[in-house]
Amino acid sequence: PKFETIAVETRGRVGVITLDRPKALNALNSQLMIEVVAAAVAFDRDPAVGAIVVTGSEKAFAAGADIKEMQSKTYMEVYTQDFFSEWDAFAAVRTPTIAAVAGYALGGGCELAMMCDILIAADTAQFGQPEIALGVIPGIGGSQRLTRAVGKAKAMEMCLTGRKMGAEEAERAGLVSRIVPAADLLADALETAETIAAKSLPIAVMAKEAVNRAFESTLAEGVRFERRLFHSTFATDDQTEGMTAFTEKRQPVFRHR
Ligand code: HXC
């Protein structure tokens, strides 16, 4: 398909989605939302793609949902259309996803980044949920995912005051896994994605499912879920290959099955 608000490419086994509405700091209008979700779902269905990177520009990952587009919507419209629920399809992607964030990641931009499995920040990254200043609240999971990531104190402060959090604070708080110099951001995210994509895709999907389960269950249930998934890894050719390669002192050649 032809996209107008994003650029999509495949680099080896890595799918890359670049948000590309520079004049609006990559604000997430409905076209961009539909395109990002379509691209992510297409990558997810492609067994030749083992990891997905989502990134923006140097100035902005995304400055939020498109305020100009939302401005005149009515309650009945947003309620009956279940406005923003399309993003759930992005969060449901099974292939590992990495957000590479430089500059502004605000509102829906912060929420999109938090929907990804790994968040890598440039030193220029700024995260925030400024919806309160517009008379709304986060609507794509921000109040939930930010709270799980950084805890109640910081999440409350950010959602109630709209204060932005820089890269250093975001790393300390556990929102991002790593900070890299802005100039190295994409290369670093691609390298991380390639590392993941070189592993067995079905096993990576299980690892992702297991970690995500920690947010959905009690510890005992989560551990049991993990144990069952772990058992099922023994049904794969890639488990045989991984362990055989180790004993033969060579690199494994995973065949994603
Ligand atoms: C629409 C946006 C936009 C947005 C920026 N632009 N953010 N358009 N929606 N979210 C547009 C500006 O209108 C402007 O267009 C152009 O992008 C450049 O932005 P400037 O403001 O001129 O840039 P700068 O002075 O550098 O300031 C950057 C900024 C500021 C601090 C990021 O743009 C800003 O505060 N943006 C809004 C951030 C925000 O509130 N996000 C949350 C959205 S609500 P023109 O045409 O004027 O040049 C949200 C809700 C989710 O995400 C769920 C709720 C239901």
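Tabulated data
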quantity	calculated
Helix-only CD estimate at 222 nm, as mean residue ellipticity for the chain, using -39500 (n - 2.57) per DSSP H run (n ≥ 4)	-13000 deg cm²/dmol
Whole-number Å³ per residue for the convex hull built on Cα positions in region 1-147	112
Environment charge of residue 89, counting only residues whose C-beta is closer than 15 Å and scoring Lys/Arg +1, Asp/Glu -1	-4
Surface per residue (accessible, 1.4 Å probe) for region 150-197, Å²	52
Calculated over region 74-144: convex hull of Cα atoms, volume per residue (Å³)	88
Cα-based Lys pair tally, the chain, threshold under 18 Å, eight or more apart or on separate chains	7
Rg/Rg_ref, region 126-257, where Rg_ref = 2.2 N^0.38 Å and atoms are Cα	1.39
Antiparallel bridge percentage (DSSP; both residues within the chain; nearest 5)	25
Approximate spin-label separation residue 240-residue 45, in nm, with each point projected 7 Å along Cα-to-Cβ	3.1
Under 5 Å, built H, 5+ apart or other chain: amide partners of residue 126	103, 104, 105
DSSP-loop chymotrypsin sites (Phe, Trp or Tyr not before Pro) across region 184-257, with at most 12 other Cβ within 10 angstrom	215, 234
Fraction of beta bridges assigned by DSSP in region 1-154 that are antiparallel (%, nearest 5)	25
Extent along principal axes [Cα atoms of region 152-211; Å; largest to smallest]	43, 32, 15
Low-density loop cleavage sites - trypsin sites (Lys or Arg not before Pro) in region 15-59, where at most 16 other Cβ are within 10 Å (DSSP)	59
More than 29 angstrom apart: percent of Cα pairs within the chain	32
Apportionment of accessible area to carbon and sulfur, the chain, percent (1.4 Å)	57
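The values are calculated or read from the model by the stated rules, or taken from the named source; none is laboratory data. These figures come from a predicted structure and were not determined experimentally. Every residue, glycine as well, gets a Cβ built from its backbone with ideal geometry; the counts of neighbours run over all protein chains shown. Remember, those area values only see protein heavy atoms, side chains included, never the ligands or the DNA or RNA. Shrake-Rupley method; radii C 1.70, N 1.55, O 1.52, S 1.80 Å.
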